[in-house]
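A short write-up of the structure that comes next.
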Amino acid sequence: MTVEQERMDDATPESADAPPIIQALDVVKTYDTGKVKVEALRGVSITIHQGEMVAIMGPSGCGKTTLLNCLSGLDVIDSGRVSVDGVDLSTMSDNDKTEYRAQRMGFVFQFYNLLPVLSAVENVELPLLVSGVSAREARQRALQALDQVHLRDWAEHTPAELSGGERQRVTIARALVNSPAIVWGDEPTGDLDSTNAGEIMDLLCDLNERQRQTFVLVTHALEVAERTGRIIRMQDGQIISDNRIINREAGIWGPAEGAEPE
Amino acid sequence: MDSLFGIPMDTLMVVFLVAFAIVMSVVTALALRNRVLLKLGLRSIPRRRGRTVIIVLGLMLGTIIIAAAFGTGDTMTNTIRSSVLTSLGNIDEVISIRGTDTGTDFDGHGFIEGPEDIAYFDEALFGVVDEAIGDSELVDGIAPVISEPVAVQDTTSRQNEPRATLFASDPARLAGFGEIKEVGGGTVSLADLGPGEVYLNDEAADELNASAGDELLVFAGGQSVPLQVKAVVKYRGSLTEESALLLSLDAAQRLLDKEGLIKHIVVSNRGGALSGAKHSDEVIEALEPTLTPLNLEADPTKVDALDFANELGNVFTSFFVIFGTFSIVAGIMLIFLIFVMLAAERKPEMGMARAVGTKRRHLIQMFLFEGVVYDLVAAAIGALLGLAVAYGMVLIMAKAFTNFGVDIEQDFRLRSLIVAYTLGMLLTFIVVTVSAWRVSLLNIVSAIRDLPDPVLRKGGRLTLILGVLGLLIGVLLTFIGLSAEVMTFFMLGISFVILGLVPLLRRLGLPDRAAYTLPGIALVVWWLLPFDTFDFILPDFSQDISIFITSGIMVVIGATWTVMYNSDLLLRAIMAVFGRVRALAPVLKTAVAYPLTNRFRTGMTVAMFSLVVFTLVVMATLTNAFSQLFNDEEAFGGGFDIRATTVRINPIGDIDAAIEQSTTLSAEDFQVVASQSSLSLQARQVGSVGKEFETYPVRGLDDEFLANNTYEFALMAEGYDSPQEVWQALADDPGLAIVDPIPVPRRDQFGFQAGVPDFELEGFFLEDETFSPLEIDIEDPQTRTFFSLTIIGVLKDTFPEFMLGISTSQRKLEAAFVDRAQPTVHFFRLADGTDVAATADALESAFLTNGMEADALAEELKDAVGTQITFNYILQGFMGLGLVVGVAALGVISARSVVERRQQIGVLRSIGFKRGMVQLSFLLESSFIALLGIGLGSILGLILSFNIIRDGSQQASTENIEFAVPWLNLTVIFLIAYGASLLTTYLPARQASRVYPAEALRYE
């Protein structure tokens, strides 16, 4: 039985029943470059449940990365409300948000964004050190995380010495090392070839399945999105559809709870 | 100052101006031909103003240092020149009896009374001389003069001046010698003085608290003469810059009992006070036929004094330029670093430009245009700031020299400004050109993708050529060093061999770590081994200040390589120590990892800091050790408490009897009373080839002095084992003598001296363990009295100035010169518990008629050491300027890092780095580099200082020197440098912390 089949049978209903972990209500975000104003998000509302694996799709410039940044607290919103774990982000200070990210969130970026001056294991252990874990324990857990992504033997290598796929796996290990409740991925396979992209998605799906963490992935690739349990489509700063998988084998998707049918 | 390292400043100015003109013409021509490149090159300047400021700051440091060195040189020259003019006014030549000292020698602190008894001659001779040259177009004044030190008491104000110069001339002849002006009034003349009247110059009036109408007692020739002050005047040309009484010639002749006699004829050349001096050679040549038969000779007093002024200025400039070399080298490294980092910033842009057809020379030109603009501005600001630095340094110096009555006169000549500007500009231009060429060598693909350039192939031909070249140069220098016995060449030769090994080891396939670490360690060890390690196989090398400069550069290269190529070990060590602090661990990890990964820029910055800190530590430690060595009352005073001098025209024949007879002094207060006479004679070493008799002081030490002084020797002749034996031998055998160390040759030439005497010895070195007693012939040029002395000892370097000369027994001098060898210097060792200062005052009062000036030797030493310490501070501050280079480098690196790492900052923020942590990480990064450089430089500097001091302690002349680090001074300087580093990094760090994560992550 494949991971997808298991998800089709179990994960979806469970995720949908799980309590919401991320809630956005009427979120507006405008970028003012001085000369022009770009409305990146125009009243976006969304609810994501604990353990869900969600893909946000859409053409370039539709606002999907901005949505991810606003939901994760990396960026501030102009109006509306975003709450994570029931806490309104706007009530948190910059330091509180940073601390929250360190303890409850993990990030996977398109261009890996590893620190080139640190080895793989040092990159992975950094969030643990930030969270105050002792150096010894951090190293141990970082090695375990690398083990999970099958890079235990590459622990002492610097990013420059790794392939694109390997770098992305290090990024995933770094995102997961502190067992975050939510993992954000901004085009996690965008810089990879199809083989590597497939392997990375296998890994993410497997982790989502086994550890029940919430994954929110921004992607423009349908093959990536289709491996998640829910696809949110955006256009011009708005959500235009929100579908949940009903039968993966048959490729049947239906409107997510509260969403308008496509 | 008129020259730098022996090259006339005029020549330098012309050469640099021509070079400057050529450079600017070429750059302008290129710019006009390629206006687009000019536009492209210049567009970055206004865009990043902050960066432009840092670049200009970095580029101008070399010029600041050069200009500051010139400024101090010019000021010292001007100070002496000013004293010369105060003393001599329009007097250019002084004619005296042949062979006598003119009494107007300049010692750098002012005109001093010559140690010779000055002979008077018939006033009628003036007429002969006047007839010979008085109408000549070469001169505009000639006058008969008496100049004599006398003691004065103002009976109105009850103040004494034990040493004032009585200056007298014929008022009718003084027309060409400037005007005598009454303070607050008009011009006066000596002819206006009535019987019993005298003018006081303003200095004397200050000392005596005198004003017009005051009654004076002048003590001269054993009698006291009452005079009345007619007016207080200002007069330049009284043969003193200090207290003077001005009288008409006939009045002075009567007062001194020298009827019909004069002491000098003074000549004023055509032209002004300064411009007249250039005719001195012609005037003396014209005078010679007249003077020789009259047994007179003319001394080019002003030219000599002005030459000394220039020489001193040159010494100051050379001194500060040499000690500024390290900062200039660091400045050059900074310029290189700045341009390499500018290139790194524009790499993709440059790659694209190359890809679409821009040639390498176009890239070079673009950088050159930009660099020249920075350069022109930086050199201009640098030259002006250099003036400000020189002004500050001179202000501090002025305070230090006040102890010696020297009034510093600020000066900076346009010529120096031009040389500083053009030299600074050209130096920077060369580095900019080399940097531009270096950055143009980019790999187009990696530049477009902003990836590191491919590593140079290890086994390439260039590697081999570099290695072999290094070895060849090294062997050649080693050979030259060994055959010429010159330490710098030898040490440098071996260093080049070691440096040459790096490319060869890489070619042999050794990993970079080993290929750099092994030679790096070898270089450090080679330079920091104790100096006597290889004494058993190596010759006795001579060495000079260049060894210090090369040692600094070499050990810093070696140490920086070693550290940078073993950075992982350092990182591990740091993490092991500080990583335990959980809050600090993640910040520390990134803070240290970045600089250790960016080997080039970190290495350059560490090397800049290390180089400057190294020199600072060495200089501060050595000057401190030497100051302490010289701050030895026993070595300075020779076991005496007071030194007193009397005027020659009224010496104290028997000082013991005089004390016994005094009603104000108690003989019990004096444990030892010793005396010394001094004559200015001519000396020559027997057997020296091609050497003439040269003037040098010869001192006669009485038996009390010989038996009781505690002066020690740097060298004692064979057969003498202790200073006491040497002194006893002088007492027993009048044919023996000792000498101060100045005429003795040295293997180590670290000194900077002006006015070094012409009298020199040869055949041995001060650093030797002993020497064979050597014969010197002594001749009195006045009477042609001739005798020989055998030198059996050389005083230690700690000898006081008043022991300068050849010292023999008083009996020897008395036998040769009878009355002329009258003791005029007296030394007193006081009984326990006697107040030294009070006794010195009492001696001055008791022997006022003899013009006695008495000084507590401990106080004299304190003043001398105080001046030395102030000077040390100035030197430390000046060398500390170089730390600005390191600080600026950190500023450039930090600013660049914020741009370079923007996205990574975003990642750090996304994984939980708070703003403060990002900021702290940048500050720690700078701290790490600054502290590594400071630490490395300190350790290397301390080891070298220890070796130098250890070496010094093994030489008799400086055997008491002790290793003592002036931690307080160094800590203050380092804290300032470190604080400035943090401050420079603070803004970029703050900027980095303000980066919003989402925005940073979007940044590509």
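Read-outs: derived from the displayed coordinates by stated rules, not from any lab. As the structure is a prediction and not an experimental result, all values here were calculated from the model. A quick note on method: Cβ atoms are made from the backbone with ideal geometry, for glycine too, and the neighbour counts reach across all protein chains shown.
Quick notes on this one:
- Most mobile of A:ILE172, A:ILE252, A:ILE232 in a GNM of chain A (Cα contacts under 10 Å): A:ILE252
- Among the listed pairs B:LYS39/B:LYS359; B:LYS181/B:LYS263; B:LYS181/B:LYS302; B:LYS230/B:LYS302, those beyond 27 Å (Cα-Cα): B:LYS230/B:LYS302
- Sites B:ASP257 and B:GLU762 - FRET efficiency at Förster radius 41 Å, r taken between beta-carbons, to 0.05: 0.35
- Of the chymotrypsin sites (Phe, Trp or Tyr not before Pro) found in region B:717-821, those in coil by DSSP whose Cβ has at most 13 other Cβ atoms within 10 Å are B:PHE750.
- Amide H within-cut-off set for B:SER678, under 5 Å, with H built and near neighbours excluded: B:GLY700, B:THR824
- When you restrict to C-alpha pairs under 8 Å that are six or more residues apart and normalise by the size of region B:458-566, the relative contact order lands at 30 percent.
- In chain B, helical runs assigned H by DSSP with n ≥ 4 each contribute -39500 (n - 2.57); averaged across all residues and rounded to the nearest 500, the mean residue ellipticity at 222 nm is -18500 deg cm²/dmol.
- For region B:623-729, applying the loop criterion from DSSP together with a ceiling of 13 other beta carbons within 10 Å to the GluC sites (Glu not before Pro) yields B:GLU692, B:GLU718.
- With a 10 Å cut-off around each Cβ of A:67-74, the average count of Cβ atoms from other chains is 3.
- Between the amide H of B:PHE670 and those of B:ALA831, distances stay under 5 Å, these residues lying 5 or more places away or on another chain, with hydrogens modeled in the peptide plane.
- Phi angles across region A:84-95 convert, under the Karplus curve 6.51 cos²θ - 1.76 cosθ + 1.60 with θ = phi - 60°, into 3J(HN,Hα) values of 10, 6, x, 9, 6, 4, 5, 8, 8, 6, 4, 5 Hz, Gly and Pro given as x.
- Each of B:ALA838, B:GLY687, B:PRO743 was placed along the dipole of chain B (beta-carbon charges, centred on the mean Cα), and the one lying farthest toward the positive end is B:PRO743.
- Using only the C-alpha atoms, the convex hull of region B:93-299 corresponds to 118 Å³ per residue.
- Against the compact-protein benchmark of 2.2 N^0.38 Å, the Cα-based radius of gyration of the protein assembly as shown scales to 1.26.
- Amide H contacts for B:GLY639 (H built 1.01 Å from N in the peptide plane; partners 5 or more residues away or on another chain; cut-off under 5 Å): B:THR710.
- Pairwise FRET efficiency - A:HIS157 versus A:ASP193, Cβ, R0 = 22 Å, nearest 0.05: 0.60
- The phi torsions of region B:355-362, fed into the Karplus equation with coefficients 6.51, -1.76 and 1.60 and a -60° offset, translate into couplings of 4, 8, x, 5, 7, 4, 5, 5 Hz, rounded to whole numbers, with Gly and Pro shown as x.
- Cα-Cα over 27 Å, subset of B:LYS258/B:LYS812; B:LYS234/B:LYS399; A:LYS29/A:LYS97; A:LYS37/A:LYS64: B:LYS258/B:LYS812
- Spacing of the two label points (7 Å from each Cα toward its C-beta) at A:GLN103 and A:ASP26, in nm: 3.1 nm
- Simple spin-label estimate for B:ARG360 and B:ILE537 in nanometres, 7 Å along Cα-Cβ: 4.4 nm
- Each of B:TYR374, B:TYR986 was scored by other Cβ atoms within 10 Å of its Cβ. Listed from fewest to most, they are B:TYR986, B:TYR374.
- Only Lys, Arg (+1) and Asp, Glu (-1) charged, at Cβ; chain B dipole about Cα centre in debye: 12040 debye
- Using the empirical formula 2.2 N^0.38 Å as the baseline, the Cα radius of gyration of region B:458-566 reaches a ratio of 1.09.
- Surface/4 estimate of mean projected area, convex hull on alpha-carbon atoms of chain A, nm²: 14.3 nm²
- Computed from label points 7 Å out along Cα-Cβ, the spacing between B:LEU472 and B:GLU694 is 4.3 nm.
- If R0 is taken as 30 Å, the Cβ-Cβ distance between B:THR785 and B:ALA831 corresponds to a FRET efficiency of 0.15.
- Neighbourhood net charge (15 Å Cβ-Cβ; Lys/Arg +1, Asp/Glu -1) for A:LEU143: 0
- Of interest is the spacing of the C-alpha centroids, which for region A:166-195 and region A:66-106 amounts to 20 Å.
- Relative contact order [Cα under 8 Å, 6+ residues apart], chain B, whole percent: 16 percent
- Percent of beta bridges antiparallel (DSSP, the protein assembly as shown, rounded to nearest 5): 75 percent
- Computed from phi, the 3J(HN,Hα) profile of region B:535-544 under the Karplus parametrisation 6.51, -1.76, 1.60 (θ = phi - 60°) reads 4, 5, 10, 9, x, 7, 6, 9, 8, 9 Hz, with x in place of Gly and Pro.
- Note on region B:346-395 and region B:950-1004: Cα centroid distance 26 Å, given to the nearest whole angstrom.
- Centroid-to-centroid separation of region B:139-174 and region B:654-722 [C-alpha atoms, Å]: 31 Å
- Cβ-based exposure ranking for B:TYR199, A:TYR31, B:TYR978, in which fewest neighbours within 10 Å come first: A:TYR31, B:TYR978, B:TYR199
- Within chain A, helix-based [θ] at 222 nm, where runs of 4 or more DSSP H residues each add -39,500 (n - 2.57), nearest 500: -10000 deg cm²/dmol
- Normalising the Debye intensity of region B:647-851 to I(0), with uniform scatterers on Cα atoms only, and taking log10 at q = 0.11 Å⁻¹ returns -0.56.
- Neighbour-count order for B:LYS258, B:LYS589, A:LYS35, fewest beta carbons within 10 angstrom listed first: A:LYS35, B:LYS258, B:LYS589
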